Amino acid sequence: MTEPAEPPDDSDGTPDSDTVGTVYLVGSGPGDPELLTVKAKRLLENADVVLHDKLPGPEILGEIPEAKREDVGKRADGEWTPQEYTNRRLVELASEGKTVVRLKGGDPFVFGRGGEEMEHLAANEIPFEVVPGITSAIAAAGVAGIPVTHRDHVSSVSFVTGHEDPTKAESAVDWEALAATGGTLVVLMGVGKLPLYTQELLDAGMAADTPVALVERATWPDMQVATGTLDSIVEVRDAHEIEPPAITVIGDVAATRERVVAFLSNRAGGVDIDASAVAAEQRPDDTDAPDDADPTAETGGDA
């Protein structure tokens, strides 16, 4: 665990109303720079400082001069920046009169802690603006040929985090209630916890043959799409080493991909995997799926 060195504190922390800057909480979308909003692109070009997560795509980060980038991302692999530091840094930079972009993957208000940062800015009398982004909860499914709703199949969708605050005494996610909705479930930041919540859904009565899709690095050049069923998707993940950032789509709509994938113009950007292929490839000495496989869960953002 590393924390950046604290910037010098030469004030009492109260912004000077004559020089205070503005903080923009900006969603970068799922990763493809062409999916940035026009406003987000303009703000990135004009910002004095950009505090970014790990989730914005490498092409997006590559367009930002290194001199004005600060990495405040959070991951579950031990490399992270405490949220308290990020909150404090936003106030400090704005108090110096700087225009600050807080760049987040997807949309800042979808499991991105944008709400916490917004409240901290308001409490410290810092002007801010929210610039929505395309959430990966919808975009990742879409580019894979999976509509999260479909008039012939499902009329509701639920967005769920697969990685809750570890300090919680118990999970706030009611998997039994979600299983009973009959709607599409989209799980963000849930690759590492996939065995846990698929079992929760099976125990709650969801059918074992419910279609499931994993979309890894959606809209990135190395995007992958893995498909299976509720009782096979963990094997699919392990055999092909699906890793964060990825989303999980659970429900009948996940099967839509099979009917359209041959005509998806972006199909070359990913590798299609299905449960039958996994079954054919698995061998007792299969080195691609170690018994202790435990992909790291991603944290701290919409992805």
Exclusive hit being of a type outside the set (G, A, S) and under 18 Å from V110 (Cβ atoms), set V236, V225, V157: V157
Matching residues in the range 117-150 - criterion: being of a type in the set (A, V, I, L, M, F, W, C), touching a residue at least 60 places away in the same chain (Cβ under 8 Å) and either under 23 Å from E84 (Cα atoms) or assigned to a helix (DSSP H, G or I) (or both): M118, L121, I126, F128, V130, V131, A137, A139, A140, A141, V143
Residue satisfying condition, being touching a Ser or Thr at 6+ places or on another chain (Cβ under 8 Å), closer than 24 Å to N46 by Cα, buried (at least 22 other Cβ atoms within 10 Å of the Cβ) and hydrophobic (A, V, I, L, M, F, W, C), within set V110, V100: V100
Subset of the range 207-232 that is without any contact (Cβ under 8 Å) to a residue 40 or more places away in the chain and aliphatic (A, V, I, L, M) - its residue that is nearest to D152 (Cα to Cα): A207
Some residue of the range 61-71 being over 30 Å from V173 (Cα atoms), touching a strand residue (DSSP E or B) at 6+ places or on another chain (Cβ under 8 Å), buried (at least 22 other Cβ atoms within 10 Å of the Cβ) and not assigned by TED's automatic domain parsing to the domain that holds G142: no
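Here's the yes/no breakdown for (1) more than 23 Å from P244 (Cβ to Cβ); (2) of a type in the set (A, V, I, L, M, F, W, C):
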{"position": "L36", "(1), (2)": "no, yes"}
{"position": "K54", "(1), (2)": "no, no"}
{"position": "G62", "(1), (2)": "no, no"}
{"position": "V72", "(1), (2)": "no, yes"}
{"position": "T81", "(1), (2)": "no, no"}
{"position": "E84", "(1), (2)": "yes, no"}
{"position": "V101", "(1), (2)": "yes, yes"}
Selected residue (only one of V148, V130 is assigned by TED's automatic domain parsing to the domain that holds T248 and modelled with pLDDT of 95 or more): V148
Residues of the range 31-68 classified as small (G, A, S), modelled with pLDDT of 95 or more and part of a helix (DSSP H, G or I), total: 1
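The values are calculated or read from the model by the stated rules, or taken from the named source; none is laboratory data. These numbers come from a predicted model, not from an experiment. A quick note on method: Cβ atoms are made from the backbone with ideal geometry, for glycine too, and the neighbour counts reach across all protein chains shown.
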